[in-house]
1. What order do you get for 31-38, 189-196, 53-60, 99-106 when each peptide is scored by the mean count of other beta carbon atoms within 10 Å, highest first?
2. Roughly what would the spin-label model give for Glu146 and Ser94, points 7 Å off Cα along C-beta, in nm?
3. Taking θ = phi - 60°, what integer Hz values does the Karplus form 6.51 cos²θ - 1.76 cosθ + 1.60 yield along the stretch 158-171, in sequence order, with x for Gly and Pro?
4. Measure off, as a whole percent, the carbon and sulfur share of the 1.4 Å-probe accessible area of the stretch 11-144, all protein chains present.
5. In Å², what does the accessible area per residue of the stretch 74-122 work out to with a 1.4 Å probe?
6. Under a no-solvent Debye model with one identical scatterer per Cα of the stretch 58-174, what's log10 I(q)/I(0) at q = 0.09, 0.10, 0.14, 0.15 Å⁻¹?
Amino acid sequence: MTGPTTTGAPRGADTAAARPLRLLVLAAGLSTPSSTRMLADMLSGATRRALEHAGKAVEVRTIELREIARDATDMLLSRVASPRLQEVIDALGSADAVIAVTPIFNTGPSGLFKTFVDALDTELWRGTPVLLGATAGTSRHALALEHAIRPVFVYLKAQLVPTGVFAASSDFGAMQADESDEQPLALRAARAADELAALLASPAAVAARAAAEAAPEPSGADGDATGLDAEFADFTPMDALLHRHR
């Protein structure tokens with residue numbers, strides 16, 4: 001006589017459901033304080049409230065990309081991640097969702113934001129739910145979010161939230177209706193947050209997190225652990241060369 005069988009939830013589902021959801025917030029503002037960080041905090045707060053309303057615990061971690069600007073540049077040049085950048089890479093790899101916010105410069109994302117994205121292995125973003133946000137001085141740059149930033153994450157195969165949130169300077173603390181967008185920033189942020197929360201609560205997302213929790217850690221014997229493209233699979237980091245010749 002066989003015991004009862006369990007259907008529906010994959011192995012590891014209980015573990016994935018028990019731990020808090022990990023929300024990583026990336027803010028590419030260049031100053032302190034910055035409207036980019038303000039929008040990032042608004043989106044993360046709205047997402048936390050939406051998830052908690054749905055009965056989900058959530059851990060939010062916010063990273064200011066300007067603090068690792070040199071690390072990202074060095075990674076592009078050497079393909080070796082500093083300990084500080086590696087910590088961010090690990091956080092991104094384990095995140096259940098990402099909120100990424102950049103200022104708009106010259107109709108595109110800031111160089112800081114693009115450098116960070118270019119420095120990382122493209123596979124890090126695959127299947128990750130991502131909510132995009134952008135800021136600029138005026139609403140004339142609003143379309144940059146859709147035509148210059150969203151296509152990057154489509155290429156990276158991230159799972160994008162349908163609503164991206166753009167905020168002009170007048171959207172923050174507008175005193176009169178004609179000083180802000182037709183739909184107030186807080187409402188647009190709440191709508192995007194609700195979409196991200198619904199995405200994280202979907203059966204497919206729950207199953208994917210459970211599979212990730214149950215998957216064994218990759219080893220060097222089973223595949224490339226460097227995070228580099230296939231053409232650089234035989235790349236030897238500089239620190240390894242230095243140790244070899246000591």
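The values are calculated or read from the model by the stated rules, or taken from the named source; none is laboratory data. Quick caveat, the model's predicted, so the values are computed rather than measured. Positions of Cβ are generated from backbone atoms using ideal geometry, with glycine treated the same way; all protein chains shown enter the neighbour counts. Heads up: the accessible areas ignore ligands, DNA and RNA and are worked out on the full protein's heavy atoms, side chains in. Shrake-Rupley method; radii C 1.70, N 1.55, O 1.52, S 1.80 Å.
1. Ranking, from highest mean packing down: 99-106, 189-196, 31-38, 53-60.
2. Simple spin-label model gives 3.8 nm for this pair.
3. 6, 9, 7, 5, x, 8, x, 10, 9, 9, 8, 4, 6, 6
4. Numbers: 3220 of 6250 Å².
Solvent-exposed carbon and sulfur of the stretch 11-144 make up 51 percent of the total.
5. On a per-residue basis, 41 Å².
6. For the requested q values the scattering log ratios are -0.24, -0.30, -0.60, -0.69.
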